[in-house]
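K.L.:
Here it is: the structure, laid out below.
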Amino acid sequence: MSQRIPGARRASAVCFFSRTRRVVLHRITAAVFLCTLVLASPLAGQGHFPSQVTPARYEIHVRFEPERGFLHATATVTLRVNASRSDSAAPRSPVTDIEFELNSHLKILEIADAHDRKLEWRRSGRLGSPKLSVRLAEPAAVAPPAEKAEPSPATPPAASREPGMTSATLALTFTYEGVLPRGELDYITRDGILLRDESRWYPATDLAAFTRNAITVETPHGQNWNVLAPGEGVSAGGSAVTNGRFFLSGRPYSSRSLIALPGDDSPCAERTGLSGIGSGMSTVIMLCMEQREFANTDLMVRRSSDVIFFFSELLGRYPEQRYAIVKGLPERKGAAGYSAPGVLVASGDLVSYHGIPGYAPEFLPHEIAHQWFPIEVALAREEDGWLAEGIAEYLAWRYLRVKDPEQARLMVARAMRDALEPEPLRPLSLGLQLFGLESPDVTQKTLYQRGMLAFRTLETVIGQERVDRALREYYKRFAGRSAGIADFRKVCEDISQRDLGWFFDYYINGTAVPEVTLRRLPSSAPNEYLGEVAAKNVPPDFQVRVEMKFFTVAGVVENSVALRGEVTPLSMNLPAALQRVALDPDLRVLRWTEAARRNRAQHALLAAVGDLERSGDVAEAAKTCKAALALDPDDVAANQQKIRFELARLQYRMKQNGPALAEFDRVLSARSMEPMSADFYRAWARLYRAKILRAAGKPAAARAEVQAGLALAAPALDSPVAWPETGPKETTARRALQSLRGRSAPARMK
C-alpha cells in the first residue's frame, strides 16, 4: 500500500477500519480506524527541491471501456524547466532527458513534443516499474538566471513556485492505452471507476505537484455516468466528446485523481449544507450512490456540512465549493475511505452504518481534515507524515470534543493506552517511512494515535489558542505548496515567541516518554498541600503545563502547574481535608500512564496466545490468558473483555463448559474503550453460551441467548472471522446465530 521513495511531497489518505489480529487468532472490525497513506512522490533522484523540471499543467483526454477495464488516453503535460536559483552562481546543466512514471501495464503508443516531433523513450528494465525516460529532440531551453519568466496561463501563481527560480516551459504529449489491474483501491469496472494518483494512470514527474488541469472524461455511449475530478465540471457535449464530462481547474491542484459512477441507478444528488449559512458560507454536499441509500445518509450530509464549517472557522475557508461523498471501494470491508480534492470515496459499510452510535465517529472529521492537510498543504518529505495524520487525528478529536464529548474522551483514552504499546517505540519523524518499515498496527499507533497526542501536548506547552493560530497561519502560508515539520515549527515559534526545539527534538524526533509523578511533602499548616511534581526521562528544558484535581471533603479544587525540568515544587491551600489527587485527569500530556504500562505488558503475553494454540497447546494458551488477566486485576487498561473471551473460547475447546460459561458471562458485562469491539465479543459470547446450553439440554435458555445476540443489531455482527472450532471458512456472528436459531434439537458440542 505504500512505497518508500525519496522526496515524498504529499500523501493521499486511504482510511479504513483495520481487521486486526490483536488477539492473534481472529480478525475483527476494530473500533479504531487506520489511515494508510499511499505516497504521492517524485521519482527517486528528485528528492531535493526545487527540481529542475516540474509539471505546471495537464490536458488529459481519457476514454473508458469499463466492461474491459480498459482506458485510452492522450495526456499533454506542460513542464517548467527551472534554471539555477538567483542566489546560486552555478547554472544547471541543459535538460536532455526527463524521467516520468506511468503505470507499466499501459502501452505507450507515442510521445511527441509541441512541434509534433516523435520522441524516443525507454521503459525501466525492472519488472513492474512505472519509470520511463524520455529523450528530448533538443535540449530544453531555460530562462537566463538574471531574468524572471513572465507568468502564463500554464504557470501556477507565484505563491506555488519556489522563490528565486527562473523557468521556461515545454509540453510533451503522451498517447497510451491498456488495462489497469483491478485492486482494492484502483479499479475500472462497469460498477464504478477509481483511479488515484498513485495508480499512475497519467505520466508524472511528481504525483503530488500542484498543477492546473483540463481533464476530459469520455464514457460509453448510451450510458449515463457521474464523473468527478479536481476542478469545475461541465458537460463535454459542446466539444468533440458527446458522452462525458470536462473538468477545468481555475487554480492549481495537488491531485489528478478520477472517480466515476454509473448514473442510471446512482445519480449524484446535491444537498446544500446548512451549518455555514448564517455566516454567509454554504457548501454543496453531493451524494453519489443508489437512491435507496440516500435515506441512510441524511446524518452524513448534515455532519459533513457541520465538519466543513467547523474546520473552516478553525483553519481557514474550505477550498472547494462542494464536497462529494461517493460510494465505492467495493473490495474493502469495514469503514474505509479515499480522500481526493473535494471528494470522499466511502465504502459500503461506512455508508450503511454511518450514524450508529460508536461506529467510527472520528472517521468523517478525520477524512474532511485531509482537505486542508495534506491535500492543500502538501508534505515536503515522507518524514513529514505527522503533519498529515497527526493533524487529521487531532482535528477529528477537536471536532468530537465539541459535538460528542464522550466519543472524544474514548478516543484519547484509547490513544493513551495503545500509543505506547509498540516496543521499541519509533520516532514520529519517520513519517511515511513507517509504512515500509513497520506493520499497519505499529504505524497506526505511532503516526496517528501518538501523533494526535503530541498535538494535545503542544497545547500544554504554548496554549490551545496559539496552536489554533499556528494551524491557521501554517495553512495560510503554505496552501498550494509543500511544507514540512521545520516549517510548522517555525510558525509555532513565531506565534508563541518561544524556542520549541526541545519539544520537536523530544516528542517528534525522539522516542523517550516522560514519567510524571506527584509526591506529597510534610506540612505543618492544616489543609496545606506541599509537594513536588517529578518528571523522569526528560531534557533539562522540558516545559509542559499539567492539570490537577484535588478532591476534598468540601469539593473539588482544580489547579495546574508549569513543569520545568525534572522537579517542580507545588504549594496549595485547600478548603478542607484532602481525600485524593488526580494528576493530568484529562490526559493532556503524552506520558506513561498505568493503563499504558499494563496494556504493553498484557499485549506481550497475548502475542504468544496464537502461537500456542496453533501449536496445539491449548491448555498453555489458556494459562497465558490467565496470566494476562493477573497483570491488571482492576482492569485499568480495559482489556479484560477480549482476554476473557479468548480464555472462555479456549476453555470451550477443552470442553470445560462450566468455567467457559462463567467467563462468557463476564464478557457480557465487561467494559471496553471500543464500542464496536465490545459488541463483537458480546455477540460471539452469546453464541458460545447458546451452544453450551443446548449441549446441556436447555434449549429454551439457548434460544434466549441467540435472540439476545441478534438483538444487538451492531455492525460488528457482520465482521467475518475464522475460529479453529468453527471450521476453516470465515463466518460472521450474525450468520452463526441465525444458523443456530434454525436448529430445534439439542446438538453435541464439537
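K.L.:
Go through (1) within 28 Å of Thr624 (Cα to Cα); (2) crowded, with 20+ Cβ neighbours inside 10 Å; (3) in contact with a helix residue (DSSP H, G or I) (Cβ under 6 Å, 6 or more places away or on another chain); (4) modelled with pLDDT of 95 or more and name the single condition Ala716 misses.
P.N.:
Exception for Ala716: condition (4).
For (1) modelled with pLDDT under 70; (2) touching a helix residue (DSSP H, G or I) at 6+ places or on another chain (Cβ under 7 Å), each residue gets a yes or a no:
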residue: Ser235; (1), (2): yes, no
residue: Ser239; (1), (2): yes, no
residue: Tyr253; (1), (2): no, no
residue: Ala260; (1), (2): no, no
residue: Gly278; (1), (2): yes, no
residue: Ile285; (1), (2): no, yes
residue: Leu299; (1), (2): no, no
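K.L.:
Could you give every pair whose Cβ atoms fall below 6 Å, whose first residue belongs to segment 343-356 and is in contact (Cβ under 8 Å) with a residue 40 or more places away in the chain, and whose second residue is aromatic (Phe, Trp, Tyr) and buried (at least 17 other Cβ atoms within 10 Å of the Cβ), counting only separations of at least 6 or pairs across chains?
P.N.:
Matching pairs, first to second residue: Val345/Tyr338; Tyr353/Tyr359.
K.L.:
Residues of segment 565-600 being surrounded by 17 or more Cβ atoms within 10 Å (Cβ to Cβ), of a type in the set (A, V, I, L, M, F, W, C) and under 32 Å from the mean Cα position of the chain (by Cα), which ones?
P.N.:
Leu587, Val589, Leu590, Trp592, Ala595, Ala596
K.L.:
Looking only at segment 694-726, how many residues end up being aliphatic (A, V, I, L, M) and either touching a residue at least 24 places away in the same chain (Cβ under 8 Å) or assigned by TED's automatic domain parsing to the domain that holds Ile356 (or both)?
P.N.:
Within segment 694-726, residues that are aliphatic (A, V, I, L, M) and either touching a residue at least 24 places away in the same chain (Cβ under 8 Å) or assigned by TED's automatic domain parsing to the domain that holds Ile356 (or both) number 11.
K.L.:
Within segment 343-352, identify whether any single residue is under 27 Å from Arg182 (Cα atoms) and of a type in the set (D, E, K, R), and answer yes or no.
P.N.:
yes
K.L.:
Which one of these is at pLDDT below 95 and crowded, with 22+ Cβ neighbours inside 10 Å: Glu382, Glu367, Glu393, Glu376?
P.N.:
Going through Glu382, Glu367, Glu393, Glu376 in turn, just one is at pLDDT below 95 and crowded, with 22+ Cβ neighbours inside 10 Å: Glu382.
K.L.:
Any idea which residue in segment 494-546 is nearest to Leu563 (Cα to Cα), counting only those that are touching a Gly at 6+ places or on another chain (Cβ under 7 Å) and among the charged types (D, E, K, R)?
P.N.:
Arg519
K.L.:
Step by step: first the residues of segment 453-487, then only those that are within 22 Å of Tyr253 (Cβ to Cβ) and aromatic (Phe, Trp, Tyr), then the one that is surrounded by the most Cβ atoms within 10 Å (Cβ to Cβ). Which residue is that?
P.N.:
That would be Tyr474.
K.L.:
I've got another one for you. Among Ala638, Ala678, which is surrounded by 15 or more Cβ atoms within 10 Å (Cβ to Cβ) and part of a loop (DSSP other than H, G, I, E, B)?
P.N.:
Ala638
K.L.:
Could I ask something else about it? For residues in segment 89-142 being β-branched (Val, Ile, Thr) and at pLDDT 95 or above, which is surrounded by the most Cβ atoms within 10 Å (Cβ to Cβ)?
P.N.:
Ile98
K.L.:
Let me ask something else about it. When Gln291 is evaluated against the numbered criteria (1) in contact with a Pro (Cβ under 9 Å, 6 or more places away or on another chain); (2) farther than 23 Å from His354 by Cα; (3) at pLDDT 70 or above, which criterion, by number, is the only one it fails?
P.N.:
So the condition that Gln291 fails would be (2).
K.L.:
Something else: Is there any pair linking a residue in segment 727-750 that is within 18 Å of Ala700 (Cα to Cα) to one that is small (Gly, Ala, Ser) and modelled with pLDDT under 90, with Cβ under 9 Å and at least six apart or on different chains, and which?
P.N.:
Pairs found: Leu740/Ala747.
K.L.:
Given the options Glu438, Glu421, name the one that is of a type in the set (Asp, Glu), over 16 Å from Asp586 (Cα atoms) and without any contact (Cβ under 8 Å) to a residue 60 or more places away in the chain.
P.N.:
Going through Glu438, Glu421 in turn, just one is of a type in the set (Asp, Glu), over 16 Å from Asp586 (Cα atoms) and without any contact (Cβ under 8 Å) to a residue 60 or more places away in the chain: Glu438.
K.L.:
Does any residue in segment 211-228 that is basic (Lys, Arg) come within less than 6 Å, Cβ to Cβ, of a residue that is outside any loop (DSSP other than H, G, I, E, B) six or more places away or on a different chain, and which pairs are these?
P.N.:
Correct list of pairs: Arg212/Arg57.
K.L.:
Which pairs have Cβ atoms under 8 Å, sit 6 or more apart or on different chains, and link a residue in segment 558-586 that is without any contact (Cβ under 8 Å) to a residue 12 or more places away in the chain to one that is among the aliphatic types (A, V, I, L, M) and in a strand (DSSP E or B)?
P.N.:
Sorted first by the residue in segment 558-586, then by its partner, the pairs are Glu558/Met548.
The values are calculated or read from the model by the stated rules, or taken from the named source; none is laboratory data. Since the structure is predicted, the reported quantities are computational estimates derived from the model, not experimental observations. Neighbour counts run over all protein chains shown; Cβ positions are idealised from the backbone, glycine included.
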